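What follows draws every value from the coordinates through simple rules; no lab data is involved. Note that the coordinates shown come from a computational prediction; the quantities given were computed from them, not determined experimentally. All Cβ positions, even for glycine, are placed from backbone atoms using ideal geometry, and neighbour counts span all protein chains on display.
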Amino acid sequence: MGDSRVVRVHSPDSRDRLRDVWPFRDMLRSLVVRDLSVKYQRSALGFLWTLLSPLIMLMVLIAVFSHIVRIPIERYWAFLVSGYFVWNCVQQSLTTATYVLQQHASLSRSVAFPGEVLVLGAAGAKLIEFLLELGLVLIVLAIFHHGTVPLSVLALPALIAIQFVLTVGLMYPIAVVSVLFRDVQHALPLVVTLLFYLSPVFYMVELVPEHLRPIYLLNPFAGLLTLFHTVLYDGAAPSLPLLAWVVGSAALVHVVGYSIFKRYKATCVELA
Amino acid sequence: MSSSRNGALLPAVEARGVEKRFDLSRSRPTSLREWFIRTMLRRPVEWRHPEFRITGFDLRVEPGEAVSIIGGNGSGKSTLLRLIAGIYKPTAGTITTRGRVAAVIELGSGLHPELTGVENVRLYGTVLGMTREELRERFDWIIDFAEIGDFIHVPVKYYSSGMLARLAFSVAMASDPDILLIDEVLAVGDEAFRERCADRLGEHLTRGSTVILVSHDLDVARRYATQALWIDRGRVRMRGDPNAVVDAYIASHYVDHEAGADGPEASGSAGSPEAVPASSPQVING
């Protein structure tokens, strides 16, 4: 008679059976649902709050850069909304990564599941909000900017995928290092602010001096935002070399970030 | 469900020479400053950390067996459950489990305070590894078993600890585990719920599933178990017949108190439980 039970062996050198996220997809899904429902329940304005803070920021930026500093671009607001929500999503995802493991410390110590699920769940909840925002942006741009839906939006799924891979690739190491060093929680806002100015969120990449641009574009977010601008604001097909570079660098960041996560995640379950 | 829950099967849980060390030097929040001092200047940071380890842990649990683990606070009982559940990885040794494992270790750990009972059942069920279809099928059973009434639609932050335990335990039972690990969860349930749990655990064992139970309630330890383990400072101090182990454990309190501050190990001599032979069937030899 066959013994069909699932056999699990835990030993110091058993390579981590918990790395496989697929069997935990339903858990992942319910974590995303939970994050969103906890955020929006008993809140009369709900999603409007999520929109409000970026909208206020957008209004400030539009006021400053189309009337005071005057960035030379037609319909500055259209340019700004093409990239701003991408940045907003990245920034919030990275911030969430600094506490997601601590937040679930008790869960991690009572149930065996891959820690990846927690990071992916947090990223997934942000991604869904981003998709809603992006939908609104598309509608607004189609009506007031292009007068039609440009074909270039067909490239959006690819850009969103790159953004997700890149963001999660940074969330992984931030999550584990935050458990080991609480300092990360203080340092991250500084880094994020720095990145905001070093990425083309409120200005165009064309304004960066040409001889500095290769260095400037080393920042994968610079490339990613430029691609979003091309697709959403210009309504043009993304430049293939830039796309290739962003795909490559996002993959690299993800691989390196994930290897850091794997290295420390077991320790983090015990420490968080 | 599982077709092979009876017959001569391999043990459900098998642990050999398991050791677990915790690096408590890192158990405090570390700042970069400390890290710099320690790693760059290679100077020790003032902080003498306590040592905690599990050593030489062997266990063999056959399908249909119930094991209770008893021992003082901080002796390593929960750590053992976490090792068996695969939450912690052992520093040495091997643990093999055969079948689906569900652990209810910290009360309310899989539940979110802001979500209602119903929403939490959906969340915790998938956390325990049920698929959405399984959860849909067993949803009514869970709600019935938990007997929380209309409170099932109220956020669980308003629940009493007994209600939390009912909810968590019901979901864990519904996940139909082959190996169920329970840590002190039953203790907060009322008499009626404990009776229902006892029945359910009985059924569970009859079908050839396995239970490992940590409890400070020594009656529970006697009642459910086919073997008992007494853990003391990370070691198995005694194992065997539940009544014998519980009696020895209770007796040790009196002996240890008389022995004073040196603690249980110093009690030695006649009453020493080491002298009681750990009953043979459960012991792994080599």
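For this structure, a couple of remarks:
- When B:Ile148, A:Ile71 are sorted by how many other C-beta atoms sit within 10 angstrom of their C-beta, beginning with the fewest, the order is A:Ile71, B:Ile148.
- Under 28 Å of direct C-alpha separation, and excluding same-chain neighbours fewer than eight residues apart, A:Lys265 reaches these lysines: A:Lys39, A:Lys126, B:Lys20, B:Lys77, B:Lys89.
- Counting 0.36 nm for each residue step from A:Arg75 to A:Leu218 and taking away their Cα separation leaves a gain of 48.7 nm.
- Placed amide H near A:Arg182: partners under 5 Å, 5+ positions off or other chain: B:Thr30
- Virtual spin-label span in nm between A:Ser66 and B:Ala198, 7 Å along Cα→Cβ: 7.4
- Given R0 = 22 Å, the distance between the Cβ atoms of B:His216 and B:Arg53 translates into a calculated FRET efficiency of 0.50.
- Spacing of the two label points (7 Å from each Cα toward its C-beta) at B:Val154 and A:Tyr197, in nm: 5.3
- D by Stokes-Einstein for region B:25-165, Kirkwood Rh over Cα pairs, 20 °C, 1.002 mPa s: 112 µm²/s.
- Over chain A, the pair-distance histogram of Cα-Cα distances with 10 Å bins from zero comes to 6, 26, 32, 22, 9, 3, 1, 0, 0 percent, rounded to whole numbers.
- Neighbour counts of C-beta atoms inside 10 Å place A:Arg70, B:Arg196 in the sequence A:Arg70, B:Arg196, starting with the fewest.
- Helices in chain A, meaning DSSP H runs of at least 4 residues, each add -39500 (n - 2.57). Divided by all residues, the mean residue ellipticity at 222 nm is -21500 deg cm²/dmol.
- Fewest neighbouring Cβ atoms within 10 Å first, the residues A:Thr193, A:Thr226 line up as A:Thr193, A:Thr226.
- Spin-label model, A:Val208/A:Gln185: points 7 Å from Cα along the beta carbon direction are separated by 3.3 nm.
- Rounded to 5, percent antiparallel among DSSP beta bridges of the protein assembly as shown: 55
- Size of electric dipole in region A:21-271: Cβ of Lys, Arg +1 and of Asp, Glu -1, about Cα centre, debye, nearest 20: 560
- An oblate overall shape is assigned to region A:13-93, the ratio a/c of its alpha-carbon gyration tensor axes (a ≥ b ≥ c) being 1.5 or greater and a/b not exceeding b/c.
- The length gained on full extension between A:Ile128 and A:Arg25, counted as 0.36 nm times the residue separation minus their Cα-Cα distance, comes to 35.5 nm.
- Cα-centre dipole for the protein assembly as shown with unit charges at Cβ (Lys and Arg positive, Asp and Glu negative), debye to 20: 1380
- Shielding by partners, peptide B:99-108 (average Cβ within 10 angstrom, other chains): 4
- Rg and Dmax of the protein assembly as shown, Cα atoms only, in Å: 28.0, 93
- Calculated FRET efficiency, B:Ser161 to A:Val140, Cβ-Cβ distance, R0 = 41 Å: about 0.25 to the nearest 0.05.
- Relative contact order (percent, whole number), region A:51-154, Cα cutoff 8 Å, 6+ residue spacing: 27
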